[in-house]
Amino acid sequence: MPRRFAAVALCLATVGGILLTPASPSSADSSIVVGVVQSQASKNYAAGVPPHPFSQGYDITGRENAALSWATDEGYTVVTLTDADLANRVSLDAVDVVIMPYTVAMNESASMTVRDWVHDGGAIIPILASPRFFLDDQGQWDLWILEMNYEAWEWGPISEAYQMQFVNDPNVPQWDAHVSSGHPIGSDALAAVGAASARFRRPSPGTGVEFGYPFNDNVDPFLTYGNLTGSESVYNGWSAAQAVQYGHGRIVYFNVPLIDFLPVYNSTLSAVSAGAGVTNGELADAVLAASVDWATTDGGYVPVNPVGTTYGEVDVWGDAIYVRQYVGAEGEFPVLGSAYARVYKPDGSLWMTHVKPKVGVEPGGERMYSWSFLNHAPLDNGSYRVEVEYTYTYPDYDESHFEEVYVVRSQGTNIPTVEVEDPFALDFSDFDPVIHPTGGTLGVTAPGGTAWTVTVAHRDGSGVVLSESGTGDDSISWGGTTAIGPYLVTGTFSGLGSTSRFIQVGDYEWPFVDDEGSYARTELEEMWDRGLTIGCDWNKYCPDDQLTRVELATILARSMNPSGNWPSYHGYYGDVAPGHWYTGPIEYLVEQGILPGGPEYGVGYFASRALLVDLLMPVLGQGSYGSYQGYFTDVGPSDWFREKVERAYEMGIALGYPDGTFRPYSGVTREEAAALLMRGL
């Protein structure tokens, strides 16, 4: 018998705007209500509306109609579901199982609603690439894997329920999918067609498929690939379909386009032999029916236990602290969160924080990030507190794990952090400025009588927008701010220590608010991650501003010397005085032979395209150049920058302009510089 949601009353006309299609008599259980998704968003994506650079042209409409016809012909009570219905719990509660035929597009709200519905006892049957895409805030198509930043989240928030890692999705010339009798779906399907064994055959020209692997025993393959050739032969024996248990619910996920084998969709392909006197069409009908039966059967409860972990290894020198932070996932589910590393001075004040947002980890996996805390002078006397934290669970990030260790100047290397339970904490559960920049209520936990101060400031510690003090357990309210960007929330507890967390006010992509739409956005983010830039302001990169000569020198020096351990001042240039933020990097480049030294460096001037390439090539170890090739019309054989510009062209770094020029004496914007530099660095 199917699992039902008792609070929902069904009729055979319309339920909450959902069309119920009368079913014809058949052997299927007509009490099972099958929802078939008809996704306009997926059709728009397939049609390239709005235009996008990803693959398209899927026959979404044909496959949706085929699934609808199949379910009706089987004798189920059939419901059509729209994109809006997927985000509506009442609509989902009106069905027993949802078939998602090539539902390639789904927004965040629908993805999380479907995920939670399955956890509470619902069932879904996604058939290939479901879902992959969503419309961003600008109404443009984007990939979930890019938004979520990790392959375990290929399908958006619903990925947590799938419990598998995406690997590849090529078009293959041919493939088979063997039915396993070791799972009820496989054994029931084989029994229905009267065969001991059978396999789907997809002869040339083949089709697109997905390859992935399960994380745990909650995922049970019942189709396996075979007859793959060439480079894809390594996937022979991999799962082609999985039966998944998640919470109280069930999922049957097909990595292959099962609907293509149904007679109602492709009479030619359905007639191909599947072995043992069975056709592809007969086998597809039996497998899909067995999938519905299994998915709508109560399978008990599988605990959902995403657990993120972190620890650190600390190196302490005379003037710097280096932290290697490791982030992992225990349990059976992938996690997604943000990694923080903080150092507090001996007086208890926060010295510096590093953060890496959207760190995804698969069960049993581990990521490592290196952080540098540079003092540019001897560290103070006393103990520094080093803390690493990982906040996780998408999208609330309401779970965290952190460790700490106290260290002193020149203590040594490979000092491990240890897990501690702080007697104080900040509770962010009712504090959500990310989507609505209106602040909220921040809970404060502290031992009775302990005095504390909470501040909200710009990422760099400037621009304090809130500062409140109190004692013991309490809460504070923040009215929010219209200035979007990254803010640092810090709680300082008298005699106990401090804790802090970055928050994102407003809906933008970390780390800068002004790089949306930049063609070099990926490079900008990489520069931030590697510590090569901190932007032009607390929340901006200023991509359209001209790059200065001192900014160029600083980026290149940081790429060569991530520790930031700059040499003592020698005055290699007359206009580079001691004490400036760029002094150490420029003097370092002179000592490394990248810059020659001289009367003036040109501190107040912008960098040219020729200068950028001239300095970048030796940083990349280039030192032997060839004869003149004439790649650019405005770069002659006697130009002082010719050799390095032509080498940069050969390396794919300096591509020039469509008119064949390089424009060596033109300035370079910070956006252009990011693209050029990161092609090499």
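Where helices (runs of 4 or more DSSP H) fall entirely within the stretch 93-190, those with at least 2 residues that are buried (at least 23 other Cβ atoms within 10 Å of the Cβ) are at 108-119, 159-162.
You will find that of Val304, Val292, Val278, the residue that is closer than 30 Å to Gly328 by Cβ and in contact (Cβ under 8 Å) with a residue 12 or more places away in the chain is Val304 and no other.
Whenever a residue of the stretch 243-260 is open to solvent by 10 Å² or more (accessible area, probe 1.4 Å), its partners that are assigned to a strand (DSSP E or B) and modelled with pLDDT under 95, lying with C-beta atoms within less than 6 angstrom and at least six residues away or across chains, give the pairs Gln245/Val302. Here is a check on your reading of the model: is Tyr394 touching a Leu at 6+ places or on another chain (Cβ under 7 Å), open to solvent by 20 Å² or more (accessible area, probe 1.4 Å) and among the aromatic types (Phe, Trp, Tyr)? It is true that Tyr394 is touching a Leu at 6+ places or on another chain (Cβ under 7 Å), open to solvent by 20 Å² or more (accessible area, probe 1.4 Å) and among the aromatic types (Phe, Trp, Tyr). The requirement of being open to solvent by 60 Å² or more (accessible area, probe 1.4 Å), more than 26 Å from Leu488 (Cβ to Cβ) and at pLDDT 90 or above is fulfilled nowhere in the stretch 522-541; no residue meets it. When you check Gly348 against the structure, is it assigned to a loop (DSSP other than H, G, I, E, B), surrounded by fewer than 21 Cβ atoms within 10 Å (Cβ to Cβ), small (Gly, Ala, Ser) and out of contact with any Cys (no Cβ under 7 Å at 6 or more places or on another chain), yes or no? Yes; evaluated as a whole, the condition is true for this residue.
The number of residues in the stretch 371-391 being open to solvent by less than 70 Å² (accessible area, probe 1.4 Å), within 13 Å of Val316 (Cα to Cα) and of a type in the set (D, E, K, R) comes to 1. Counting only residues that are open to solvent by less than 10 Å² (accessible area, probe 1.4 Å) and not polar (S, T, N, Q), how many does the stretch 32-48 have? Summing the residues that are open to solvent by less than 10 Å² (accessible area, probe 1.4 Å) and not polar (S, T, N, Q) in the stretch 32-48 gives 7. For the stretch 604-638, taking the residues that are β-branched (Val, Ile, Thr) and part of a helix (DSSP H, G or I), the one that is farthest from Ser568 (Cα to Cα) is identified as Val613. Do we find that Ala71 is at pLDDT 75 or above, farther than 17 Å from Gly122 by Cβ, in a helix (DSSP H, G or I) and open to solvent by less than 60 Å² (accessible area, probe 1.4 Å) in this structure? No: the conditions fail for Ala71.
Per the listing Asn255, Asn280, the residue uniquely modelled with pLDDT of 95 or more and closer than 21 Å to Pro170 by Cα is Asn255. Scanning the stretch 413-428 for residues that are more than 16 Å from Tyr311 (Cβ to Cβ) and open to solvent by less than 20 Å² (accessible area, probe 1.4 Å) returns a single hit, Phe424. Cβ separations smaller than 6 Å between residues 6+ apart or across chains give the following pairs from the stretch 407-419 residues that are at positive phi and touching a residue at least 12 places away in the same chain (Cβ under 8 Å) to residues that are among the small types (Gly, Ala, Ser) and assigned to a loop (DSSP other than H, G, I, E, B): Ser410/Gly318. Just one of the numbered conditions (1) without any contact (Cβ under 8 Å) to a residue 40 or more places away in the chain; (2) open to solvent by 10 Å² or more (accessible area, probe 1.4 Å) is not true of Thr297: (1).
In the set Gly230, Gly277, Gly281, Gly237, only one residue is open to solvent by 50 Å² or more (accessible area, probe 1.4 Å), within 22 Å of Ala192 (Cα to Cα) and not basic (Lys, Arg); that residue is Gly277. Considering every residue within the stretch 201-210, establish whether at least one is in contact (Cβ under 8 Å) with a residue 60 or more places away in the chain, among the acidic types (Asp, Glu), open to solvent by 10 Å² or more (accessible area, probe 1.4 Å) and touching an Asp or Glu at 6+ places or on another chain (Cβ under 7 Å). Looking through the stretch 201-210, none of the residues is in contact (Cβ under 8 Å) with a residue 60 or more places away in the chain, among the acidic types (Asp, Glu), open to solvent by 10 Å² or more (accessible area, probe 1.4 Å) and touching an Asp or Glu at 6+ places or on another chain (Cβ under 7 Å).
Between Tyr665, Tyr601, the distinction of being outside any helix (DSSP H, G or I), crowded, with 21+ Cβ neighbours inside 10 Å and in contact (Cβ under 8 Å) with a residue 40 or more places away in the chain belongs to Tyr601 only. Comparison of Ser410, Ser400 shows that the only residue that is surrounded by 11 or more Cβ atoms within 10 Å (Cβ to Cβ), part of a strand (DSSP E or B) and either modelled with pLDDT of 75 or more or of a type outside the set (Val, Ile, Thr) (or both) is Ser400.
The values are calculated or read from the model by the stated rules, or taken from the named source; none is laboratory data. For clarity, every value in this text was computed on a predicted model and none was experimentally measured. For neighbour counting, all protein chains shown are included, and Cβ atoms are generated from backbone atoms with ideal geometry for every residue, glycine included. Keep in mind that these areas ignore ligands, DNA and RNA; they rest on the heavy atoms of the full protein, side chains included. Shrake-Rupley method; radii C 1.70, N 1.55, O 1.52, S 1.80 Å.
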